[in-house]
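To start, the structure itself, in structure tokens.
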Amino acid sequence: MSEDLIIKHCSPTLAGLKTGNLFSCVYTERQEIVRYVQSFNRRFSHKGVKMLPLDFGKTRVLIYVFRPTKLQKDLSDRQARNILKKMGYNCFDSRDCLNRLKSRVNACPEFPHEIGLFLGYPPEDVQGFILHKGNCCKCCGCWKVYGNEEKAVREFAKYKKCSDIYYSKWLQGISIGKLIVKKSA
């Protein structure tokens, strides 16, 4: 797996601005991905960042990079819990929720829309997306906005700026370990 992909797709999470990011990458051997994920977690979990493969396809793997502390906080939101309950989540410990999400990603014919909660999207926007089936949003950026458009647009700009800076630093030779911001609990 290329660290270049992680920097390109996960900079806001690495910087501590966002709960999580997703990306997919091509693989030839499943065990190679498993080893890389284990290595990543050993190297960086002390900085508050983890990696989890959510789904292995025939040639591509869906990777989730996240901040467990931020995830637990996001999933403790009352509106987020109500959304998760409707989707069959019975408990709200982040590990249990991640296990349920993995099974839904693997089993659902369409992508499970509650995944936005795992990415740090506002619950009102996740709920709006589910209710409106992705239509009638106020604006679209990193996600479709149904709630506070002004706040979302500021977040989109912040994530874009972070990604641009991180990728530039990466191209200058700064290691991923130095780019990951350590966040305390």
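The values are calculated or read from the model by the stated rules, or taken from the named source; none is laboratory data. Note that the structure is predicted; figures quoted are calculated from it, not measured. In this analysis, Cβ positions are derived from the backbone assuming ideal geometry, glycine residues included, and neighbour counts consider all displayed protein chains. SASA here: full protein model, heavy atoms, side chains in, ligands and nucleic acids out. Shrake-Rupley method; radii C 1.70, N 1.55, O 1.52, S 1.80 Å.
Worth pointing out:
- Taking the range 166-185 as the range and being free of Cβ contacts under 8 Å to residues at least 24 places away in the same chain and of a type in the set (A, V, I, L, M) as the test, the residues that pass are LEU171, ILE174.
- Conditions (1) farther than 21 Å from PHE44 by Cα; (2) at pLDDT below 95; (3) part of a loop (DSSP other than H, G, I, E, B): number failed by ASN106: (3)
- Complete set of residues in the range 1-42 that are touching a Lys or Arg at 6+ places or on another chain (Cβ under 7 Å), of a type in the set (Val, Ile, Thr) and either open to solvent by less than 10 Å² (accessible area, probe 1.4 Å) or closer than 17 Å to THR69 by Cα (or both): THR13, THR19
- Within the range 162-169, at least one residue is surrounded by fewer than 13 Cβ atoms within 10 Å (Cβ to Cβ) and either within 23 Å of LEU17 (Cβ to Cβ) or at pLDDT below 95 (or both).
- Single residue of ARG100, ARG95, ARG154 found to be open to solvent by 50 Å² or more (accessible area, probe 1.4 Å), at negative phi and more than 16 Å from the chain's Cα centre (by Cα): ARG154
- Applying a threshold of 7 Å to beta carbon distances and a minimum spacing of six or more residues, or different chains, the list of pairs starting in the range 91-112 at a residue that is over 18 Å from LYS133 (Cα atoms) and ending at one that is open to solvent by 30 Å² or more (accessible area, probe 1.4 Å) and of a type in the set (S, T, N, Q) reads PHE92/SER76; SER94/GLN72.
- ILE174 surrounded by 14 or more Cβ atoms within 10 Å (Cβ to Cβ) and either at pLDDT 95 or above or farther than 20 Å from ALA15 by Cβ (or both): no
- Filter result (assigned to a helix (DSSP H, G or I), surrounded by fewer than 19 Cβ atoms within 10 Å (Cβ to Cβ) and among the hydrophobic types (A, V, I, L, M, F, W, C)) within the range 116-150: ILE130, LEU131
- Filtered residues of the range 43-92 (kept if among the β-branched types (Val, Ile, Thr), in a loop (DSSP other than H, G, I, E, B) and open to solvent by less than 10 Å² (accessible area, probe 1.4 Å)): VAL49
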